[in-house]
Amino acid sequence: MNAVAFSKEGQRLVSGSYDNTIRIWDVKTGSPIGNPLTGHSDHVFSIAVSPDGKYIVSGSDDDTIRLWDMDTQTQIGEPWTGHNSCVYAVAFSPDGKLVVSGSRDRTVRIWDAETGNQIGEPFTDHDNWVWSVAYSPDSNLIASGSYDSMVRIWDLSTRKRVGAMDHDHGVSSIVFAPNGKLIASGSFDNTVRLWDIETNLQVGEPLRGHTSFVNSVSFSPNGKLVVSGSNDKTIRIWDVESGKQIGGTLRGHSDYIQYVAFSPDGKTVASGSEDNTLRLWDIDDYLQL
């Protein structure tokens, strides 16, 4: 499982996989809803659900982005083409009108979600694969994380780069805090870091505890917690204010954890792993559901 995302209401979970498919799951029962969404001809590396919960966007190793109807589970229109290598990351804008993507071709691109047309020229500042992309809550900024060890931020009104922060190794995952003031990033240097958007400075010390690559990070809806998933097969939860790990380390996966996500109510974390399973975790008890 390369990517997971909750639906708006939190009752459904969407996953993308090495088997080239996207699947929708019932959170309560753990059962699949309908048939797999097929169309990609290679691994599905990234997915996102639109803010209104009606659409899924996916990025694949077939170099395309595809849009899907959540309810009918059908592809909408033709694949979006423009990247010339694997699409590692996709994210909707907060209003759902735009999609940002990042690719092995080292570019970040903006797309019109309704037409599938690329908007403007690609952002080409990164020197290596782009693993992660995100929109700020106010839609004014996009951020990207790359194997070149950099987190970069662009102002969409000017299309100028307004921020650059660096890890000691490739950046695998980035996410804006709900208030738009911080970015959390996970890295192949085994750390999670918090960054101040205005100053581009690191907030506090790196969050250490993982013993291998940090593949995914996610903020809780209230912005007080960050969850991280790692190649060390564990999930850890961090207090944003103190920078300390809270609760127990979540163990259960038997292979690398590729993606973690908070539920919309902040009570549950979903994780997807190379052990081919999705798991749900109770944040209050730090137990698998």
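The values are calculated or read from the model by the stated rules, or taken from the named source; none is laboratory data. Note that this is a predicted model, so its numbers are computed, not measured. Don't worry about glycine lacking a Cβ; one is built from the backbone with ideal geometry, like all the others, and counts go over all protein chains shown.
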Looking only at the stretch 6-16, filter to residues that are surrounded by fewer than 22 Cβ atoms within 10 Å (Cβ to Cβ) and of a type in the set (Gly, Ala, Ser); which one of those is nearest to residue 49 (Cα to Cα)? 7
Filtering the stretch 243-285 for residues that are in a loop (DSSP other than H, G, I, E, B), basic (Lys, Arg) and over 19 Å from the mean Cα position of the chain (by Cα) leaves a count of 1
Going through 212, 263, 242 one at a time, which residue ends up being over 23 Å from residue 6 (Cα atoms) and touching a strand residue (DSSP E or B) at 6+ places or on another chain (Cβ under 8 Å)? 212
Residues that are surrounded by 18 or more Cβ atoms within 10 Å (Cβ to Cβ), under 16 Å from residue 261 (Cα atoms), in contact (Cβ under 8 Å) with a residue 40 or more places away in the chain and out of contact with any Pro (no Cβ under 8 Å at 6 or more places or on another chain): does the stretch 69-90 have at least one? yes
Scan the stretch 233-242 for residues that are outside any strand (DSSP E or B) and over 19 Å from the mean Cα position of the chain (by Cα) and jot them down. 241, 242
Where residue 161 falls short, out of the listed (1) among the basic types (Lys, Arg); (2) surrounded by fewer than 21 Cβ atoms within 10 Å (Cβ to Cβ); (3) under 27 Å from residue 237 (Cα atoms); (4) touching a residue at least 24 places away in the same chain (Cβ under 8 Å): (3)
Mind checking which pairs have a first residue in the stretch 129-144 that is closer than 15 Å to residue 219 by Cβ and a second that is at pLDDT 95 or above and among the hydroxyl-bearing types (Ser, Thr, Tyr), Cβ under 6 Å, 6 or more apart or different chains? 132/173; 135/93
Condition met for residue 211 (over 21 Å from residue 179 (Cβ atoms), more than 16 Å from the chain's Cα centre (by Cα), part of a loop (DSSP other than H, G, I, E, B) and without any contact (Cβ under 8 Å) to a residue 24 or more places away in the chain): yes
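Rundown of residues vs (1) of a type in the set (A, V, I, L, M, F, W, C); (2) in contact with an Asp or Glu (Cβ under 7 Å, 6 or more places away or on another chain); (3) modelled with pLDDT under 95; (4) surrounded by 14 or more Cβ atoms within 10 Å (Cβ to Cβ), yes/no style:
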| residue | (1), (2), (3), (4) |
| --- | --- |
| 149 | no, yes, no, yes |
| 168 | no, yes, no, no |
| 175 | yes, no, no, yes |
| 188 | yes, no, no, yes |
| 197 | yes, no, no, yes |
| 204 | no, no, no, no |
Of the criteria (1) among the polar types (S, T, N, Q); (2) over 25 Å from residue 27 (Cα atoms); (3) in contact with an Asp or Glu (Cβ under 8 Å, 6 or more places away or on another chain), which one residue 242 fails: (3)
Checked against (1) surrounded by 21 or more Cβ atoms within 10 Å (Cβ to Cβ); (2) under 24 Å from residue 180 (Cα atoms); (3) among the β-branched types (Val, Ile, Thr), residue 119 satisfies every condition except (1)
